Amino acid sequence: MDTELFEKVYDSIVKKESTYDGIYYTGVKTTRIVCRPSCRAKTPKPENITLYSSVRAAIRDGFRPCKRCKPETPGALGPDAMLAAQTDAVIAAGYGERVTLQTIAQQLAISRIICSGRISA
């Protein structure tokens, strides 16, 4: 890959752009983890990145899917966007009623702390 293209790709990883989710995946050599470009984990150094066109190719090379961005999960929505959509649905269903963070967490079967962190992020 030429340097200019790699810099553009790396910039999209730094900015955590979801535009490129599903187009390429980032294999992090130091952790042996493969992520979506939009993963909210710490950005790896450029020299520690291997780019893949599919999650299967990365797994075949010994990488494991990230537990945070779940690149093996199909669909355009990443886990955070999916959780946001589910949260919106819970709030919409409770429109006009008192909806608390605890209520949302219970309905989504997640901890209040996880719910708080994702909603405020």
If 25, 52 are placed from fewest to most neighbouring beta carbons inside 10 Å, the sequence is 52, 25
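On a full-extension model of 0.36 nm per residue, what is the gain between residue 112 and residue 98, subtracting their alpha-carbon distance, rounded to one decimal in nm? Don't skip to the end; give the middle numbers.
Values: separation 14, 0.36 × 14 = 5.04 nm, distance 1.63 nm.
Extra length from residue 112 to residue 98 when fully extended: 3.4 nm.
Which percentage, to the nearest 5, of the DSSP beta bridges contained in the chain is antiparallel? If you can, show how the numbers build up before the last one.
Values: 7 of 10 bridges.
Roughly 70 percent of the DSSP beta bridges within the chain come out antiparallel.
Do you know the relative contact order of region 79-120, to the nearest whole percent, from alpha carbon pairs under 8 angstrom that are 6+ apart? Intermediate results must be reported in sequence, preceding the final value.
Working: 20 pairs, mean separation 17.2, N = 42.
That works out to 41 percent.
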Sequence-separation-based contact order of region 3-65, relative, with Cα cut under 8 Å and 6+ spacing, percent | 34
If r is the Cβ-Cβ distance from residue 48 to residue 88 and R0 is 30 Å, what FRET efficiency results, to the nearest 0.05?
-> 0.25
With bins of 5 Å, the percent of all Cα-Cα pairs of the chain per bin from 0 is 2, 11, 20, 19, 15, 12, 10, 6, 4, 2, 0, 0
Just report the Cα centroid separation between region 82-121 and region 26-46, whole Å.
-> 28
Simple label model, 7 Å out from Cα along Cβ direction - residue 15 to residue 1, nm = 1.6
Do you know the relative contact order of the chain, to the nearest whole percent, from alpha carbon pairs under 8 angstrom that are 6+ apart?
-> 18
Checking every Cys Cβ in the chain against the others at 4.7 Å leaves as unpaired 115
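Read-outs: derived from the displayed coordinates by stated rules, not from any lab. All values reported here derive from a predicted model rather than from experimental measurement. Positions of Cβ are backbone-derived with ideal geometry, glycine not excepted, and every protein chain shown enters the neighbour counts.
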